[in-house]
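The values are calculated or read from the model by the stated rules, or taken from the named source; none is laboratory data. Keep in mind it's a predicted model, so treat the numbers as computed, not measured. Counting neighbours? That spans all protein chains shown, and the Cβs are built from the backbone with ideal geometry, glycine included. Accessible surface is based on the protein model in full, side chains and every heavy atom, while ligands, DNA and RNA are left aside. Shrake-Rupley method; radii C 1.70, N 1.55, O 1.52, S 1.80 Å.
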Amino acid sequence: MSFLSNLISGLSLGSIYALIALGYTMVYGIAKMLNFAHGDVIMVGAFTVIVAVNSMGLPAVLGIVLSVLICVVMGVTIERIAYKPLRSSPPLSVLITAIGVSYFLQSLALIIFGSTQKSFPKVFNMEPVHLGELTIKGESIETLVVTTAIMIGLTLFINKTKMGKAMRAVSEDRAAAELMGISVNKTITVTFAIGSALASVAGLFFGATYGFIGPYTGSMPGIKAFVAAVFGGIGSIPGAMLGGILLGVIENLAKAYISTELSDAIVFGVLVLVLCLKPTGLLGKKINEKV
Amino acid sequence: MLKVENINVYYGQIHAIKDVSFEVHEGEIVSLIGANGAGKSTILKTISGLLRSKTGHITFKGEDISKTEAYKLVPKGLAHVPEGRRIFLQMTVKENLEMGAYTKGENMAEDIESVYNHFPRLRERQNQIAGTLSGGEQQMLAMGRAMMSHPDLLILDEPSMGLAPILVQGIFDIIKEFHKMGTTILLVEQNAEMALSIADRAYVLESGRVVLTGTGEELKASDQIKKAYLGGN
Ligand SMILES: Nc1ncnc2c1ncn2[C@@H]1O[C@H](COP(=O)(O)OP(=O)(O)OP(=O)(O)O)[C@@H](O)[C@H]1O
Ligand SMILES: [Mg+2]
């Protein structure tokens with residue numbers, strides 16, 4: 001039974017990674033850049049909930065809405081100010097800029113909130129569920145329900161809506177998409193908005209699961225989600241979901257049965273192994289170079 | 001319909017297009033021919049806003065479009081089938097057609113139906129991933145996709161590239177058909193023979209310059225054209 005409960009908390013952790021990984025993979029697929037500041041959006045989202053609920057006394061729901069809004073505005077603004085001017089610059093310049101943005105957000109949080117971690121408000125009050133000997137934490141259930149709904153919604157959006165199809169078109173061939181009348185800039189803006197909204201939701205569940213948030217809280221889940229995106233095949237949306245969930249499960253099982261200290265090393269070891277066997281990641285597509 | 005005046009296009013230090021001017025009148029089929037690297041695709045990309053000229057003007061239906069962003073030209077009535085087709089290989093045939101009508105929105109089903117009537121092969125394969133189509137089918141899809149926006153001017157960059165002779169004939173028949181429906185056509189071709197036989201007028205390019213112009217008939221009879229076609233200097 002404890003295996004099952006470890007598995008479920010792994011799934012729940014993994015679905016948080018998946019939400020973050022989706023932002024990485026969509027931005028990579030559409031804007032062709034690695035947004036290393038993406039992890040810090042999680043931290044900003046979580047701090048927004050803390051300020052709204054703990055300091056301003058707003059109800060949790062409002063705090064969550066505010067957090068999503070602020071993250072979306074921030075993500076779109078960062079893209080406009082920091083990345084858009086570099087649209088035709090070498091990838092390395094963009095990467096370094098993204099790392100700069102990441103440090104900027106962390107330092108800003110350090111100035112505003114100080115280095116001690118702040119406790120995250122209790123936004124979810126669901127009681128643990130007991131099934132025979134198995135106990136499932138309320139947060140796990142809520143995380144799984146919400147993330148599953150988001151992933152289904154996102155899949156439908158990408159596959160069925162006009163904007164979603166335009167995003168796939170831009171990700172495949174930017175110039176050809178432009179020739180169809182699709183505004184690449186607008187598509188990229190929407191991508192950053194969606195990615196940041198997902199990151200803020202991830203921040204919420206992350207805060208609810210771990211209880212404390214500091215200026216550097218976003219970087220580790222950010223890196224792991226990036227790993228998850230690569231693991232699943234960077235640029236692939238189902239890949240990011242699968243990669244994130246597998247990563248969470250592997251991490252949790254490694255913690256429970258092998259070693260807490262080694263769990264991260266094991267996670268990265270599995271990634272290296274998968275990439276050796278399948279360099280494009282689990283669901284990554286081979287770049288089609290048909291002329 | 002389209003007026004290109006004195007454009008100069010650079011790739012970094014490379015001066016690819018030198019003082020090129022030409023015109024396409026409403027209802028015409030105009031062809032640009034020239035050897036590999038002469039600058040044909042560069043000119044087309046400049047017209048459709050993917051590249052910028054340092055000088056001169058490009059006027060489409062009386063409006064200066066030299067600085068207009070590429071994506072804004074489709075609703076103005078310009079469609080460009082780029083070199084190498086550039087269909088969305090990971091999307092289905094039908095989704096590719098939908099992308100062609102991205103800026104239009106209305107009568108989508110009818111327009112798709114009309115493309116299927118022109119290219120019955122595409123109807124059979126409408127839910128197939130475009131990357132699995134044959135080269136000829138991909139070219140049909142690229143042309144059908146461009147027609148989805150009902151362009152006034154259709155720009156075609158080497159539509160016969162890589163196709164077997166029978167298919168080349170088919171593609172040219174379709175071009176004539178689109179032309180009869182009232183579409184003005186700017187056609188770039190390696191296959192000068194074919195291009196000149198359907199073009200009202202043509203311009204011959206060499207190393208980024210227009211070196212010769214005339215009606216399709218005139219150029220077909222000229223010796224110089226053979227030189228350009230064979231890649232002479
Ligand atoms: N992206 C680029 N960077 C640098 N030079 C380029 C680029 N694209 C084209 N060129 C150069 O510009 C010139 C014109 O190229 P362009 O593609 O317009 O030729 P083309 O007439 O279409 O040839 P083809 O018949 O082979 O398609 C060539 O000398 C080419 O090498
Ligand atoms: Mg060319």
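Annotations
- All Cα-Cα separations within the stretch B:87-149 were binned at 5 Å from zero, giving a P(r) of 4, 23, 36, 25, 11, 2, each value a whole percent of the pairs.
- Carbon and sulfur %, accessible surface of chain A computed with the full protein complex present, 1.4 Å: 70
- Rounded to whole numbers, the Karplus 3J(HN,Hα) couplings from phi for the stretch B:95-110 are 5, 4, 5, 4, 4, x, 9, 3, 8, 9, x, 9, 6, 4, 4, 5 Hz, using 6.51 cos²θ - 1.76 cosθ + 1.60 with θ = phi - 60°, and x at Gly and Pro.
- Heavy atoms of chains A and B lose about 2300 Å² of accessible surface on contact, summed over both sides with a 1.4 Å probe.
- Most tightly packed first, judged by the mean number of other beta-carbon atoms within 10 Å of their residues, the peptides A:171-184, B:102-115 read A:171-184, B:102-115.
- With a 1.4 Å probe rolled over the protein heavy atoms of all chains, the accessible area of B:Lys180, B:Lys94 falls in the order B:Lys180, B:Lys94, largest first.
- On the basis of the beta-carbon distance and an R0 of 35 Å, B:His57 and B:Gln126 show a calculated FRET efficiency of 0.25.
- Less than 5 angstrom separates the built amide H of B:Tyr203 from those of B:Ser31, B:Leu32, B:Ile33, all sequence-distant by 5 or more or on a different chain.
- Taken as Cα centroids, the stretch B:176-197 and the stretch A:256-276 sit 60 Å apart, rounded to the nearest whole angstrom.
- The H on the amide N of B:Glu28, modeled in the peptide plane, is under 5 Å from the matching H of B:Ile185, each at least 5 residues off or on a different chain.
- Gyration tensor (Cα) of the protein assembly as shown, equivalent ellipsoid semi-axes in angstrom: 53, 24, 20
- List of the stretch B:67-92 residues, accessible area with partners at least 50 Å² below that of the chain alone (1.4 Å probe): B:Tyr71, B:Arg86, B:Phe88, B:Leu89, B:Gln90, B:Met91
- Normalised by 2.2 N^0.38 Å, where N is the number of residues, the C-alpha radius of gyration of chain B stands at 0.98.
- DSSP-defined beta bridges in the protein assembly as shown - what % are antiparallel, rounded to 5: 55
- Taking the centroid of alpha carbons for each part, the stretch B:97-167 and the stretch A:58-101 are 38 Å apart.
- Beta bridges per DSSP, both residues in the stretch B:117-233: antiparallel share near 55 percent.
- Legend: residues B:Arg85, B:Arg52, sorted from most to least accessible area (1.4 Å probe; ligands, DNA and RNA excluded), read B:Arg52, B:Arg85.
- Label-to-label distance, A:Thr116 versus B:Tyr10, with points set 7 angstrom from Cα along the beta-carbon direction: 6.0 nm.
- Accessible area per residue (1.4 Å probe, heavy atoms of protein chains only) ranks B:Thr92, A:Thr147, A:Thr161 as A:Thr161, B:Thr92, A:Thr147, with the largest value leading.
- Mean-position separation - Cα centroids, the stretch A:163-215 and the stretch A:18-35, in angstrom: 7
- Residues in the stretch B:94-233 average 44 Å² of solvent-accessible surface per residue, probe 1.4 Å, ligands and nucleic acids excluded.
- Karplus 3J(HN,Hα) series, Hz, for the stretch B:111-124 with 6.51 cos²θ - 1.76 cosθ + 1.60 (x for Gly, Pro): 5, 4, 4, 5, 5, 4, 5, 5, 10, x, 4, 5, 5, 4
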